[in-house]
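Working notes, beginning with the structure itself.
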Amino acid sequence: MNAALTPTNIVVMSLPALLWAGNAVVGRMVAPLVPPLTLNMLRWALSLLVLLPMASWVLRRDSSIWTRWRRYALLGLLSVGLYNSMQYLALHTSTPINVTLVGSSMPIFTVAVGALFFKHHPTRKQLVGAALSTLGVLLVLSHGDLRRLAEVRFVPGDLYMLLATAAFALYSWMLTRTDQDDPALRKDWAAFLLVQVMAGSVWSLLLTVGEWTLGSPAPIQWGWPLAMALVFIVLGPSVLAYRLWGLGVQRVGPNIASLFINLTPVFAALMSAAFLGELPRLHHALAFLLMASGILIASR
């Protein structure tokens, strides 16, 4: 097994999947309360307020972010701007099973982006691992009967999630280009995340302006449900999950890290089962075995 795939790293890479599964569930719950692009803007504006006191030094006049602003603007666009906006938009316009199904293609996109743009050709074991991991996700989505997948009908909302997945695969590969960052910035995780959130918040604001200018969104329904949802989304799926994801990609590489994304729909299925009072079934256990096998095979 890859020496980088230690028990600690497995936990580091699994927690973002767990938190992002919670983000999908909560995002679906608050869909009637707030427009999707507005939700993304609120999420990252509040995250910016959390991160700013932790790494305000990056805003100094002599900071390296001003000379490397193009890189951070692109990182912010791919992750904070595009990926999260498209995901919330997909939750409004597509079914949960379709959104999760398209999102499970992350390993395939990651392998393709690495081969096309970063001269990193996957090994046969990595391809086998990606296939096994994806099969595990499909098993969960089909409730143990893969024949059900033939009944899935894709709608325009699925295209949003497809674009989101491709954007996040490119974002993950860009995280490996550590030579393009100031070493001091890389050593301070809050600072590195802050510069991305600052850039991403600008993109999110522009998208929100477009949402309210070009569309006719329903008014925001302020109240405790939306407030509590924002607290969770900001602290968990935003600050903590992105910190762990960046750390994990540096430790195990994008190809292996992307396999852990396939745990997200499994966690989401278990959360939904918990809320609905349904116990996990045999196909959930089989899916976990397939995805775990895929991760182990790919990391060898």
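FYI, it's all coordinate maths here, none of it is from the lab. Everything numeric here is computed off the predicted structure, so don't read it as measured data. When we count neighbours, we look across all protein chains shown, and the Cβ atoms used for this are built from the backbone with ideal geometry, even at glycine.
Below is a table of values for the structure above.
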| quantity | calculated |
| --- | --- |
| Packing-based exposure ordering (other Cβ within 10 Å, fewest first) of 214, 146, 42 | 214, 146, 42 |
| Residue-averaged [θ]222 nm for the chain, counting only DSSP H segments that reach four residues, each worth -39500 (n - 2.57) | -22000 deg cm²/dmol |
| Structure-derived mean projected area of the Cα convex hull in nm²: which label, when the choices are (1) 16.1; (2) 19.0; (3) 17.5 | (1) |
| Sorted peptide list for 224-231, 45-52, criterion being average Cβ within 10 angstrom, highest first | 45-52, 224-231 |
| Where a label projected 7 Å from the Cα of residue 119 along Cα→Cβ would reach, residues of segment 159-178 with amide N under 20 Å | 170-178 |
| Formal net charge of residues neighbouring residue 37 (Cβ-Cβ distance under 13 Å; K, R +1; D, E -1) | 0 |
| Span-rule helices in the chain, defined as complete DSSP H runs reaching 24 Å or more along the axis (Cα) with Kyte mean at least -1.0 | 7-29, 124-141, 156-174, 189-214, 282-299 |
